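Worksheet for the structure shown next.
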Amino acid sequence: MTLLMYLLHQVPLPLLVIFPLVLVAFVHTNTVRRRGWMLIAAPIPMLLALLLWYGYGQPEFVTEVPWLMLGLHWRIDPALAPILLMTTLLWTAAGTYVWQQLRSGGAEEPHIARYLRCWLLTLTGNIGLLVAGDIASFYTLFALMTFAAFGLVIHTQTKNALFAGKVYIVLAVVGEGLLLSGLIWGAAHAAAGELTPTAPLLTHLPGAIAASAQGVWIALLLFLGFGVKAGLAGLHWWLPLAHPVAPTPASAVLSGAMIKAGLVGWLLTLPLGEFAAGGNFASIASLAVILGLVGAFGAAIMGVFAKKAKAVLAYSSVSQMGMITVMLGTGWLYDAAWEAVFAAIVVFSVHHGFNKGVLFFGVGWVGALSGRAATLILVLLLIPALNLIGVPFSSGEYAKDLFKAVIADLPVGLLYPIFSAGALATTALMLRYFYLLRKT
Amino acid sequence: MTTLLPVFVLATSLITAVLIFVLPERHIRLRIGLNLTAALLKIVLVAVMVAGIANQVDYEFRYELLPGIDLILRADALSMLFAGLSSVLWLFTTVYAIGYLEGAPNRSRFFGFFSLCVASTMGIALAGNLFTFLIFFELLTLSTYPLVVHRGTEESLKAGRTYLQYTLGGGAVLLVGVALMYGLVDQTGSMTEFAETGTLAAIPSEQHFTLAVIFFVLIAGLGVKAALVPLHGWLPIAMVAPAPVSALLHAVAVVKAGAFGIVRVIYNIYGVEFAWQLGVLLPLAILASITIIWGSLRALQQVEVKKRLAYSTVSQVSYIALGACLFGPVGTIGGIVHLLHQGIMKVTLFFCAGNYAETLGIHKIKDLDGAGARMPLTSIAFTLGAFGMIGVPPLAGFISKWYLGIGALDAGMSWVIGVLILSSMLNAGYFLPIVYRLWFKSRREPWPDEHIPRGRFETHGLLLWPTVATAVFSLAAGLFAAHAWSPLSWSSLIAFREYLP
């Protein structure tokens, strides 16, 4: 065990993140069939390190490389570790799905090598941004994930996929622009005229934004910039277009893991909790609540008219992220309750990531099977569906109750019953999902 | 030795130029050997001076031509940035040009003027006062003209005429500006010497209006080469030149000479603080911003690879002028470091454009479909360059934009952020479709004109390896930005010396 302990302290985080990037170099069109294991292996080192880290009671785990980029500072953030765990597990599971596809003839598809490369690049960005602690490398990995995921969205190269890709890339570029301006603006305040470091740590941003006279605008830029990824209502258009056309495992990680990157961006950079004391950000927080509610219920209405099971799931993701946005906005408004809300958000996003991932896999499984096996899968898929709805004794109920317990004591008026009614929206979407699945 | 080193650096290319002119056309190997030896020797000399300047050694050569007018060659931190860029890129461009022009006629003439052009660039980098700067600035015009018209076709001769009209006109305006400076302000010749923190701050306030006027005359003269709108017309037309020439014109020699001149005037003649008090920086910043947006908008409309890159240059070079106008060390770093970053990224992109043209006969963007599979290394290099220009980390362009953005906020010009972001999006608008065509579209018809069949590598090694090398530089400059020997750190050193007297 001391060896493991030694490894945990000596293996720098960048190596764990770079590992999938190295694998990219070994993908080749002729050998794709035998390289499926790479997708499973890619997130494993990070997963193992994370489990070890949990096993040893969450010690401080930081790697600093001052000469890389604008000063690299990577760490495992205890508060976000559950999301990191969910992300690595989901990528591993989705990788296994692709591996299975490759073994059963998927290797003959056109552009399969490109797909694998984009997969590994997206994975690098997605996992890496969760451990990046400085602004520059966080934004680097975020951008890597964003641009590489384009290759996953358009993989099938159908007309719809290309259109979805176009919408995706336009929204992504707009989002990156908003994000970069917000980050530069925030970093300028955090650096406060000092020459070094000009790219401060992410943890310095919320305080700097809160102290700035234009803090509201900086926060708005960041909120909208990350909102593109997080499926914020109004910036969500790419989600229902991209999910039905992307390959099933790609949709699973897109909706389960990548969408959470936007949320993580919010949690890391926005002036939440103590920094929101005094109500300076009440306007954006209210905006978050409103857009969250629009997303939560609007997406349900759009979703029940969707024609494809995966589109329904995409709308469901927008709806669920809307609920998370409501939670974020509420916690932002009532800064004293933030810590409890934060915990609820993390639990909710981990719960959503797993269950949504499984529901996406389900679309693929049901499509591939027939007869009794398909029925069995349908029945089993009830579990994640009921989880999402939040029936008693489900992960959904636990996650939602965490939040409801917080707002029960707050003067939020109608928000409590409205938030509870979110379960109805989810139920409608899940019914539609099963209806469409059975039809196929 | 410290007095003669700047002269030696200049001489390496000047003597090479003379020798190549003397050497008959058929001595190919000797010419190549001569070229490469000189290029390597120069890199060594520049490296020695860089190390010396980091340790506060002064390298200065001074020769009095007339009373009050000296020829000064001096190496300071800023000149080493430009000299370093030119000497390294000269080596790569020479190697590239050898491959590109293999078997073509008039190579002796080409490489002769090529060396002369680099000699002028070195002179511009090392010039210690306005007068010396002017001489090499004009010499650069004359030595690049034969390169632009090298092919001798009707089209290239016409482009050459336009080029001469613009640059000679700009040179004349610059001459007027310099003459005004010597005549009205500085009869002793001491104030037109480039000095850290500037020389003019002590001028009594009655002359401030004159100084502001002279400033804009100088900028107008320099702005032609720096391709400031509306003086940028020559740049896209000069694209008829062979690829290595375009690469050199765009990345190092001509546009950079203009941008470098602007930086010199602001920092080492006026002094950024004094220029800020004069109020001349804001108009220039606005002009640079207009250029940035205009260049990007025009680039969007182009259908030829090189034309699109040309308008992209118009846009990107103005980042340097913009950074020079931001009063504050961070903005200064951003502008100066972009001088180098834009150079390595743009040279990469032009090498790639040349590779596509030479190997597959591709000139139009629509013919690039599926080129990624045929020429993977070139296409990776192009992708890195394109993403760098957009400002995606960890590439060099991101570092520039980051510093420019923070510098703008420190200078109280937050609108510049809007310009930077809008420009980034427009860059994405005209670069991402190319990247998309390279990697995501598949080839249906044969290549327009395949000259070089796929051998061990995708194209001729002499074309490929310089491209790969500069692409690696573009990545490394961003990835190792915080390292002590990065362009960023060197620019920080320049900024420190400018702001801390």
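Need the failing condition index for A:H111 against (1) out of contact with any Phe, Trp or Tyr (no Cβ under 9 Å at 6 or more places or on another chain); (2) in contact (Cβ under 8 Å) with a residue 40 or more places away in the chain; (3) surrounded by fewer than 24 Cβ atoms within 10 Å (Cβ to Cβ), just the number.
(1)
Being over 19 Å from B:E193 (Cβ atoms) and either more than 21 Å from the chain's Cα centre (by Cα) or not in a helix (DSSP H, G or I) (or both) is the filter here; which residues of the range B:256-285 pass it?
Those that are over 19 Å from B:E193 (Cβ atoms) and either more than 21 Å from the chain's Cα centre (by Cα) or not in a helix (DSSP H, G or I) (or both): B:W276, B:Q277, B:L278, B:G279, B:V280, B:L281, B:L282, B:P283.
Here is a list of conditions, (1) part of a loop (DSSP other than H, G, I, E, B); (2) more than 9 Å from every other protein chain (Cβ to nearest Cβ), and B:L463 meets all of them except one; can you say which number that is?
(1)
Take the range A:147-161 and flag every residue that is of a type in the set (A, V, I, L, M, F, W, C) and part of a helix (DSSP H, G or I). It would help to see each step written out before you state the result.
Pass one, the range A:147-161, residues of a type in the set (A, V, I, L, M, F, W, C): A:147-150, A:152-154, A:161.
Result: A:F147, A:A148, A:A149, A:F150, A:L152, A:V153, A:A161.
Might you check whether a residue that is more than 11 Å from chain A (Cβ to nearest Cβ), touching an Asp or Glu at 6+ places or on another chain (Cβ under 9 Å), touching a residue at least 60 places away in the same chain (Cβ under 8 Å) and over 18 Å from B:K346 (Cα atoms) occurs anywhere in the range B:483-490?
Going through the range B:483-490, the residues more than 11 Å from chain A (Cβ to nearest Cβ) turn out to be B:487, B:490.
Filter again for touching an Asp or Glu at 6+ places or on another chain (Cβ under 9 Å), leaving none.
Checking the range B:483-490: not a single residue is more than 11 Å from chain A (Cβ to nearest Cβ), touching an Asp or Glu at 6+ places or on another chain (Cβ under 9 Å), touching a residue at least 60 places away in the same chain (Cβ under 8 Å) and over 18 Å from B:K346 (Cα atoms).
Against the condition touching an Asp or Glu at 6+ places or on another chain (Cβ under 7 Å), surrounded by 22 or more Cβ atoms within 10 Å (Cβ to Cβ) and within 28 Å of B:I203 (Cα to Cα), how does B:G177 come out, does it pass? Give the derivation first.
On the way: touching an Asp or Glu at 6+ places or on another chain (Cβ under 7 Å): no; surrounded by 22 or more Cβ atoms within 10 Å (Cβ to Cβ): yes; within 28 Å of B:I203 (Cα to Cα): yes.
The answer is no for B:G177.
Out of all the residues in the range B:355-370, is one or more within 14 Å of chain A (Cβ to nearest Cβ), β-branched (V, I, T), in contact (Cβ under 8 Å) with a residue 60 or more places away in the chain and buried (at least 24 other Cβ atoms within 10 Å of the Cβ)?
First, pick out the residues of the range B:355-370 that are within 14 Å of chain A (Cβ to nearest Cβ): B:369-370.
Filter again for β-branched (V, I, T), leaving none.
No: the range B:355-370 contains no residue that is within 14 Å of chain A (Cβ to nearest Cβ), β-branched (V, I, T), in contact (Cβ under 8 Å) with a residue 60 or more places away in the chain and buried (at least 24 other Cβ atoms within 10 Å of the Cβ).
Would a scan of the range B:409-429 turn up a residue that is away from chain A (no Cβ under 13 Å) and outside any loop (DSSP other than H, G, I, E, B)? So that I can check it myself, show each step before the final result.
Here is the first cut: in the range B:409-429, the residues away from chain A (no Cβ under 13 Å) are none.
No, because not a single residue in the range B:409-429 is away from chain A (no Cβ under 13 Å) and outside any loop (DSSP other than H, G, I, E, B).
Filter the range A:65-114 for residues that are within 14 Å of another protein chain (Cβ to nearest Cβ), in a loop (DSSP other than H, G, I, E, B) and over 18 Å from A:P249 (Cβ atoms) and give the result.
The answer is A:P66, A:W67, A:L68, A:M69, A:L70, A:G71.
I'm checking my understanding of the structure. Among residues of the range B:59-99 that are among the polar types (S, T, N, Q) and under 29 Å from B:I28 (Cβ atoms), which one is surrounded by the fewest Cβ atoms within 10 Å (Cβ to Cβ)?
Taking the range B:59-99 as the starting set, the residues that turn out to be among the polar types (S, T, N, Q) are B:79, B:86-87, B:93-94.
If we keep only those that are under 29 Å from B:I28 (Cβ atoms) as well, we get B:86-87, B:93-94.
Numbers: B:S86: 30, B:S87: 27, B:T93: 28, B:T94: 24.
Looking at residues that are among the polar types (S, T, N, Q) and under 29 Å from B:I28 (Cβ atoms), I get B:T94.
Residue check: is B:G328 within 13 Å of another protein chain (Cβ to nearest Cβ) and either of a type in the set (A, V, I, L, M) or over 30 Å from A:A191 (Cα atoms) (or both)?
Details: within 13 Å of another protein chain (Cβ to nearest Cβ): yes; either of a type in the set (A, V, I, L, M) or over 30 Å from A:A191 (Cα atoms) (or both): no.
No, not satisfied.
Given the options A:I324, A:I259, A:I301, name the one that is surrounded by 23 or more Cβ atoms within 10 Å (Cβ to Cβ), under 24 Å from A:Y416 (Cα atoms) and not acidic (D, E). Walk me through how you get there before you give the answer.
Details: A:I259 fails: under 24 Å from A:Y416 (Cα atoms); A:I301 fails: surrounded by 23 or more Cβ atoms within 10 Å (Cβ to Cβ).
Answer to the selection: A:I324.
Out of all the residues in the range B:123-154, which are assigned to a helix (DSSP H, G or I), closer than 23 Å to B:A251 by Cβ and out of contact with any strand residue (DSSP E or B) (no Cβ under 9 Å at 6 or more places or on another chain)?
B:I124, B:E138, B:L139, B:L140, B:T141, B:L142, B:S143, B:T144, B:Y145, B:P146, B:L147, B:V148 - these are the residues of the range B:123-154 that are assigned to a helix (DSSP H, G or I), closer than 23 Å to B:A251 by Cβ and out of contact with any strand residue (DSSP E or B) (no Cβ under 9 Å at 6 or more places or on another chain).
Where residues in the range A:174-212 are more than 26 Å from B:M425 (Cα to Cα) and within 11 Å of chain B (Cβ to nearest Cβ), which of them is modelled with the lowest pLDDT?
Restricting to residues being more than 26 Å from B:M425 (Cα to Cα) and within 11 Å of chain B (Cβ to nearest Cβ), the top hit is A:P197.
Test each condition in (1) over 22 Å from B:M80 (Cβ atoms); (2) among the aliphatic types (A, V, I, L, M); (3) part of a helix (DSSP H, G or I) for B:I362 and report the one that comes out false.
Unmet for B:I362, out of (1) over 22 Å from B:M80 (Cβ atoms); (2) among the aliphatic types (A, V, I, L, M); (3) part of a helix (DSSP H, G or I): (3).
If you check B:L89, B:L66, which single one turns out to be within 24 Å of B:M181 (Cβ to Cβ), out of contact with any strand residue (DSSP E or B) (no Cβ under 7 Å at 6 or more places or on another chain) and not acidic (D, E)?
Numbers: B:L89 fails: within 24 Å of B:M181 (Cβ to Cβ).
The conditions single out B:L66.
Would you confirm, using the coordinates I've provided, whether B:R443 is over 26 Å from B:V392 (Cβ atoms) and within 14 Å of another protein chain (Cβ to nearest Cβ)? Quick ask: steps written out before the conclusion?
Working: over 26 Å from B:V392 (Cβ atoms): yes; within 14 Å of another protein chain (Cβ to nearest Cβ): yes.
Yes.
Quick check on this structure: which one of B:T167, B:T153 is closer than 22 Å to B:F260 by Cβ and not hydrophobic (A, V, I, L, M, F, W, C)? Spell out the reasoning first.
Working: B:T153 fails: closer than 22 Å to B:F260 by Cβ.
Just a single option satisfies the conditions, and that option is B:T167.
Consider B:I399 carefully, then state whether it is crowded, with 24+ Cβ neighbours inside 10 Å, in contact with a Leu (Cβ under 8 Å, 6 or more places away or on another chain), closer than 26 Å to A:I135 by Cβ and within 12 Å of chain A (Cβ to nearest Cβ).
Numbers: crowded, with 24+ Cβ neighbours inside 10 Å: yes; in contact with a Leu (Cβ under 8 Å, 6 or more places away or on another chain): yes; closer than 26 Å to A:I135 by Cβ: yes; within 12 Å of chain A (Cβ to nearest Cβ): yes.
So B:I399 fits the description; yes.
Take the residues of the range A:147-161 that are under 19 Å from the mean Cα position of the chain (by Cα) and within 9 Å of chain B (Cβ to nearest Cβ): which is nearest to B:S442 (Cα to Cα)?
Here is the first cut: in the range A:147-161, the residues under 19 Å from the mean Cα position of the chain (by Cα) are A:147-153.
From what's left, within 9 Å of chain B (Cβ to nearest Cβ): A:147, A:150-151.
Working: A:F147: 19, A:F150: 16, A:G151: 14 Å.
That would be A:G151.
Is there a residue in the range A:383-398 that is in a helix (DSSP H, G or I) and exposed (fewer than 15 other Cβ atoms within 10 Å of the Cβ)?
Here is the first cut: in the range A:383-398, the ones in a helix (DSSP H, G or I) are A:383-389, A:395-398.
Retained after the next criterion (residues that are exposed (fewer than 15 other Cβ atoms within 10 Å of the Cβ)): A:383.
Yes: the range A:383-398 contains one or more residues that are in a helix (DSSP H, G or I) and exposed (fewer than 15 other Cβ atoms within 10 Å of the Cβ).
Mind counting the residues in the range A:84-96 that are in contact (Cβ under 8 Å) with a residue 60 or more places away in the chain and buried (at least 23 other Cβ atoms within 10 Å of the Cβ)? Let's see the steps before the verdict.
As a first pass, look at the range A:84-96 and keep what is in contact (Cβ under 8 Å) with a residue 60 or more places away in the chain: A:85-87, A:89-91, A:93-95.
From what is left, the residues that are buried (at least 23 other Cβ atoms within 10 Å of the Cβ) are A:87, A:90-91, A:94-95.
Number of matching residues: 5.
(1) surrounded by fewer than 24 Cβ atoms within 10 Å (Cβ to Cβ); (2) more than 21 Å from A:L123 (Cβ to Cβ); (3) touching a residue at least 40 places away in the same chain (Cβ under 8 Å); (4) of a type in the set (V, I, T): which one isn't true of A:V318, the others all being true?
Every listed condition holds for A:V318 apart from (1).
Residue-by-condition table, conditions (1) more than 11 Å from every other protein chain (Cβ to nearest Cβ); (2) part of a loop (DSSP other than H, G, I, E, B); (3) surrounded by fewer than 24 Cβ atoms within 10 Å (Cβ to Cβ); (4) in contact with a helix residue (DSSP H, G or I) (Cβ under 6 Å, 6 or more places away or on another chain):
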residue: A:R117; (1), (2), (3), (4): no, no, yes, yes
residue: A:L123; (1), (2), (3), (4): yes, no, no, yes
residue: A:G128; (1), (2), (3), (4): yes, no, no, yes
residue: A:F138; (1), (2), (3), (4): no, no, no, yes
residue: A:M145; (1), (2), (3), (4): yes, no, yes, yes
residue: A:F163; (1), (2), (3), (4): yes, no, yes, no
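Anything in the range B:371-396 that is part of a loop (DSSP other than H, G, I, E, B) and away from chain A (no Cβ under 13 Å)? List them, or say none.
In the first step, residues of the range B:371-396 are kept if they are part of a loop (DSSP other than H, G, I, E, B); the result is B:375, B:391-395.
B:M375 - this is the single residue of the range B:371-396 that is part of a loop (DSSP other than H, G, I, E, B) and away from chain A (no Cβ under 13 Å).
Out of curiosity, is A:G106 among the small types (G, A, S), surrounded by fewer than 24 Cβ atoms within 10 Å (Cβ to Cβ) and in contact with a strand residue (DSSP E or B) (Cβ under 6 Å, 6 or more places away or on another chain)? I'd like the intermediate steps shown before the answer.
Values: among the small types (G, A, S): yes; surrounded by fewer than 24 Cβ atoms within 10 Å (Cβ to Cβ): yes; in contact with a strand residue (DSSP E or B) (Cβ under 6 Å, 6 or more places away or on another chain): no.
So A:G106 fails the test.
The values are calculated or read from the model by the stated rules, or taken from the named source; none is laboratory data. Every value quoted in this text rests on a predicted model; they were computed, and no experiment measured them. In this analysis, Cβ positions are derived from the backbone assuming ideal geometry, glycine residues included, and neighbour counts consider all displayed protein chains.
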